[in-house]
Structure formats: C-alpha cells, structure tokens
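Reading through the structure tokens given below for one structure.
The values are calculated or read from the model by the stated rules, or taken from the named source; none is laboratory data. All values derive from a computational prediction rather than experimental measurement. Cβ sites come from the backbone with ideal geometry, for glycine too, and all protein chains shown count toward neighbours. Note: accessible area is taken over every heavy atom of the protein model, side chains too, but ligands, DNA and RNA are not part of it. Shrake-Rupley method; radii C 1.70, N 1.55, O 1.52, S 1.80 Å.
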Amino acid sequence: MLHSLALVPGFALLGFLIVLVVGRKLGDPKAGWVGTGAILGSFVCTLLTFFGLLSRPASNRFYIENLFSWIPVGSLHVNIAFLADPLSMTMALFVTGVSTLIHLYAIGYMRRDRDFPKFFVYFNLFVFSMLVLVLADNFVLTFLGWEGVGACSYFLIAYFFEKDSAATAGKFAFIVNRIGDFGFLMAIFLIFAHTGSVTYQGADLGALGQSCASGSGGHLLHCGLSSGTLEAICLLLFLGAIGKSAQLPLSLWLADAMEGPTPVSALIHAATMVTAGVFLMARVGPLLSHAPIAQDVIASVGVLTAFVAATIGTSQNDIKKVLAYSTVSQLGYMFLGIGSGAYVAAIFLMVTHAFYKALLFLGSGSVIHAMGDEQDIKKMGALRKYMPITSFTFIIGWLAIAGVPPFSGFWSKGDVLDGAFAKSPILWAVGALTAILTAYYMGREVYLVFFGQSRWQSRANNLSQVEPGKNHDSHSEPHEPTWLMWLPLVILAFFATIAGLLNLPFTAGIGYLDRWLTPVFGTSHLAISTSGKWLLAAGDGVLAISGVVIAASLWRNVWNRPKLEPKFLQDAWGLYSVYEYLVSKPAQAIAKISNNVVETKVIDGAVNSSAGLVGWTGLKLRKLQSGYVRNYALGISIGVVLVLVYMIVRA
C-alpha cells in the first residue's frame, strides 16, 4: 500500500490535466465533478499509504518513493522523490480530506460561473502543489511546491480580475510571498553549503541537531556547522514561513485575499497554503530544538501576531475578513507552539483548525450566497430562521475555534497554551487573553449574522449588484443552499466537534497523535505536573466561556456599538498606512528616480552619448577623404618617414 504514495499528488495532477484539456467540453458541472473526483482519489491513496505506514514498527515508519533524478549537477543531487512519515501523512490526510469537501462545495457555489472549468483547473493545481510541498523528501522539491501554491494563490485570489481590488489583492499576495521566499532560498543554500545535501534524510536533521547539542567551541562535531549558522538557517526558514503563513509584519495579504471566491478562501486559509509555513518549521524541528534564539523569536512573533490579529477581528464588518484575521491569529498560536517546542500541539491545532476554519468559511459562503453576495454583517441578522443548517454548523465552528469544551479547539489550543506556559508565563498570559478575544469576536459575528432583528432587504433588490461572474439565483429571501454546499458543512461540523479525540490528555498520559508523531519529534516532556495541566485546562475552558458570555451580553440584541469598534482597529492598527509610508511610497520614489534619472539620463544618456561620439568621429574622419591623389601620396610619404624613424630609433 505504500507504493500508492506517488498517486497521492498524481491524482490531483491528473485532474488538473483532464480539466485543462477537456474542461470546456465537459462544462458545468461535469468539470467540477472530475476535479472533485481527482482529489477524492488523492485522499483514498493517502489513506492506503497511511495504513501501510501504520502497519510498520514505530521505529521504521518512513518510506521514500524515488521517481527520477531531477538535478544531478556536481555534488548536488536532487530527485523527484516523496517521503511518507508520520508528519507528511498527517498533513496529506487533512489536506486531501478537507480539500475534497471544499471541491464538492465549490461545484454548487460556482454554479453558472462563466469560467467554471478554469476555476477547477486552478483548484486542482493548487492541491497538487500543496501535496508536493508536504510529501517532498528534500528542500528543493518542497520549494517547488511552495512556489506552486504561491502562483496558484495569485490565480485564485485574483479570479475576479475585472475588479481592481481583486487584481490588486492577487498581486499583493504574490509580492509579499516573494519576500519570504528569499529567506527560504538562502536557508537552502546554507544547508547545502554545510551538509552537502538538501534531502531531509541526507541532511539528517536529527543528527545535525544532536551534533549541535554535543559540539564544542560552538561548532558541530560532524559537519562543521556553527551554532550561529544553525540559528541563521532557522531564522531564514522562519522568514519564509512568515510570508507564507501571514505573520507580522507580512500578515495583511491574507485579509486582502478575501477578494477571491469563498471556496478559495476556505482552501487557502484552512487546509493548504497558510499552514505550509507551520509545516516547514515543524519539519526542521530537530534543528530548531537546538536554536534557542530562533525559538524565542518564533514564539514571540507568533503570540504577538495572534493577539494583534484577534484585536483587529473585533472590529471588522466583512464576514470573511473577520475569519481572515481569525486565521492569522490561529496561525500565530501554531507558531507559539513551534517556538515553545510543543511541535505536536502545533500540528494538533493545525488539524483541528482545518476542520473548523473550513466549516466557518464555507458557512460564510452559504450566507453570502443567500444574501445576494452581501458580505457586511451589519446588514444581516436573524438568518437562523431561514438557514437552520448553516447557522447550526456555523455555531459549532464558533464554539470549536473559541475553545469551548468539549469541542476540538479546546483540546488543541489548550495543548499550545500548556507549551507556552512551560516556556514562559508571559507568553501564556498573552495567549490566554487572545483566547478570550477569539471567543468574543467570533461570537460578535455569530450574533450579528444569525440572531437579533433582520437588517437586510429582499435579495431581489441586491441581484443587480452581483459581481461579474458570480453565481446567484432568483430567490427573494435567504435560503439554505443545495446539498452540494450544506453536506460539507455537516461533515466538517462533525469533525470540528470530535477531532479533539486525536490527542486527549489522558489515556495512559499521552494522546494518539503524540504517539504517532513521536518518531518525528521524539517524546514530548512538559515541565508541568498532571494537576497543573488540569488546572490550566480548567482555566482555558473558563476563558473561552467568558468570551462567549461577553459576546452574548453585548451583541445578542444590539447591532451597532461604535465604541467597541474603534477606527484604528478597523484599519488594522494602521498597518496599511505603515506599508504605505515604509514600502509603497519609497518604492514609488525609487521607481520615479529610476525612470527619470537612471533610465533617462544614465542609461539613455550613455547610449545616446555613444551614438553621438561615433557620429562626431565619423564627421572628423570624413575630412581625410578629400579625393585628391596628392593628399593620399603625402599621407603615404609621411607614413614611410615615420616608419623609418621608428626603425632607426629601435636600432
């Protein structure tokens, strides 16, 4: 069953090729069914590979499938090869599983879109790229998948490219990710320079980490890698993760990415692209464990991002932007776990987050679909009467992300906070405050959308405002979507409720996910007693319920509280202005100087001056060509005399 590993990305690639070639002939909805079936095939192959790996002893749970040699240059040998180990299989399982549900949802959501087949071309290519990223057995192939999801995100975010805001958002995401890519590339160069390999097994990250721990004089015993270089590698990799996973200061692109269709938002924010940075840092965990400076930086940036994004989410009115900042905040929690050394907790949160965040985004899409593409939560209200399935599942997603027991987020977020407490009570305190804010701002969204009085007009009045290419129907009141859209909501709600079973803190003192990932990360040991863990868990539950109660008391029957929605939070702490003054305006000034001075006076001046010099030289030399034989004879005579003088002097 392990030999089905290459078929995991293979099915997604096959779906991409089929829809690319015959998608227009298949049309709507057949092209969508082909794309969805391809991702379902990837999920089935992932399950087969998972069970094959599970049948092996814990000490031998890895398998490499080498397809062919890709870059054989000197000492650099890079293969197209895939690695199946507990970490890659965990990632592949939720990527393919959640992506299948999102694809199914998209068939209904994108119905009657004029570029329906093209949408699924991009969708399948996106999932293929993500699977290459998580299954690659070397840094270079990981980087190929890394760039693939970046390119596909541009296509999908800017899908409605006729809107200036969508086109701008796509470019913004693409450019910001290139900043992170620079760090990733530099880290790969350093790794190859000091280890002679770019494969995870060849570089032997675990051995490198152990050598760093036992080295003397600040150097590794076996590879000559200094502790400073190790820190540099980890920090450069984190720079790549900051761009891809939208951490401060490169976080704003994720909110602007809401310009894409809602299934795109769900795919990018829940199961694929934004989790790539967390995966990368978890993959190099054996190195990171011996880079204390990098760990401190990651934990600090993560908790700060979680807090700042949560505060911004409290004042947003766009239903999808609230969820976008929620994603940024949750990713901050994951990096807090990575920086605290709680790698399993970070992966646990990533898995549960995939379920409840996909649920929330798809639920918001159902609301937008029902409201004639209205996204302002201040113009909604009382929708639970018209959309019982959507409202019920959305509330489950809210309780899960809020960390209310016994939903999955309670267990996964609690694990991260436990790790943070073991590292620093200050980190835990900021994370705990963020947990209250999370329950609050998500509660605010729930109450403004599904409770209170209706503040919306008949959908018939909104249909003329629908964006070009978006789908709509002729219903005059909000209503539940087709089964293609509500069935994924029900399935995701189920897993958002029970996914905490993956890593419960009891059962012989360790959860299943902990045991499963032990071959990758080793046995985790937190400096917290059992009673201390239960006290922290109780505190987590109290924090979550407090946030829920605060949201209910403030927003259940009131839809407008300006004092709780300050302008600076609506404007994302002024970060857009910071970008404007520190990045945009200097870049424009440099562009103007380049155009008006460098291009016009330096480059064009050099070219024009060269041409002028040639012309001037030609005009002067023309005078020698008089056409008189006596002048030529005089010239020859002078030349002969000069030659004779030269010969005499030489003699």
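Applying the Karplus relation 6.51 cos²θ - 1.76 cosθ + 1.60 with θ = phi - 60° to the stretch 52-66 yields 3J(HN,Hα) values of x, 5, 5, 6, 8, x, 4, 6, 10, 8, 8, 8, 10, 10, 8 Hz, where x marks Gly and Pro. A Cβ-based charge dipole, computed about the Cα centre of the chain with Lys and Arg at +1 and Asp and Glu at -1, lands at about 1280 debye.
Every Cα-Cα pair in the stretch 19-65 was counted, and those over 15 Å apart are 59% of them.
Ranking Gly511, Leu190, Thr438 by Cα position along the charge dipole of the chain, where only Lys, Arg, Asp and Glu carry charges on their C-beta atoms, puts Leu190 farthest toward the positive end. Solvent exposure of the chain amounts to 41 Å² per residue of accessible area, where only protein heavy atoms count and the probe is 1.4 Å. Computed over the Cα atoms of the chain, the ratio of the radius of gyration to the Kirkwood radius (Rg/Rh) comes to 1.12. Average projection, convex hull of the Cα set of the stretch 323-376: 3.6 square nanometres. Tally up the carbon and sulfur contribution to the accessible surface of the stretch 524-617 as a whole percent, 1.4 Å probe, everything protein left in place. Carbon and sulfur: 68 percent of the exposed surface of the stretch 524-617. So which of Lys423/Lys533; Lys378/Lys563; Lys413/Lys563; Lys171/Lys567; Lys320/Lys357 end up more than 22 Å apart, counting from Cα to Cα? The answer is Lys413/Lys563; Lys171/Lys567. Under the criterion of Cα pairs below 8 Å and six or more residues apart, the relative contact order for the chain equals 12 percent.
Working note: Debye formula, equal point scatterers on the alpha-carbon atoms of the stretch 248-368, no solvent; log10 I(q)/I(0) at q = 0.15, 0.17, 0.23 Å⁻¹ is -0.63, -0.79, -1.29. Along the stretch 140-151 the Karplus relation, 6.51 cos²θ - 1.76 cosθ + 1.60 evaluated at θ = phi - 60°, assigns HN-Hα couplings of 5, 5, 4, 5, 4, x, 4, 6, x, 5, x, 5 Hz to successive residues, with x for each Gly and Pro. Taking only the C-alpha atoms of the stretch 1-40, the Rg (one decimal) and the largest Cα-Cα distance, Dmax (whole number), read 11.2, 36 Å.
The value obtained for the stretch 246-315, namely the Cα convex hull volume divided by the number of residues, is 86 Å³ per residue. Electrostatic tally near Phe451: other residues with Cβ closer than 9 Å to its Cβ, Lys and Arg +1, Asp and Glu -1, net +2. Full extension of the chain between Thr168 and Lys567 yields a length gain of 141.3 nm, computed as 0.36 nm times the residue separation minus the alpha carbon distance. Under 5 Å from the amide H of Met380 lie the amide H atoms of Arg455, each residue being 5 or more positions distant or on a separate chain, with H modelled from the backbone and absent for Pro and chain starts.
Two numbers describe the Cα atoms of the stretch 535-622: Rg and Dmax, which are 31.5, 98 Å. Less than 5 angstrom separates the built amide H of Ala291 from none of the residues sequence-distant by 5 or more or on a different chain. Modelled label positions at Phe189 and Ser584, each set 7 Å beyond Cα in the direction of Cβ, lie 3.1 nm from each other. Close amide H contacts of Trp70 (hydrogens built in the peptide plane, cut-off under 5 Å, sequence separation of 5 or more or a different chain): Val78, Asn79, Ile80. Can you bin the stretch 501-583 into rounded, prolate or oblate? Criterion: square roots of the alpha carbon gyration tensor eigenvalues sorted a ≥ b ≥ c, rounded for a/c under 1.5, prolate for a/b above b/c, oblate for the rest. It is oblate, given that a/c is not under 1.5 and a/b is not larger than b/c. Its alpha carbons give the stretch 1-143 an Rg and a Dmax of 16.3, 53 Å.
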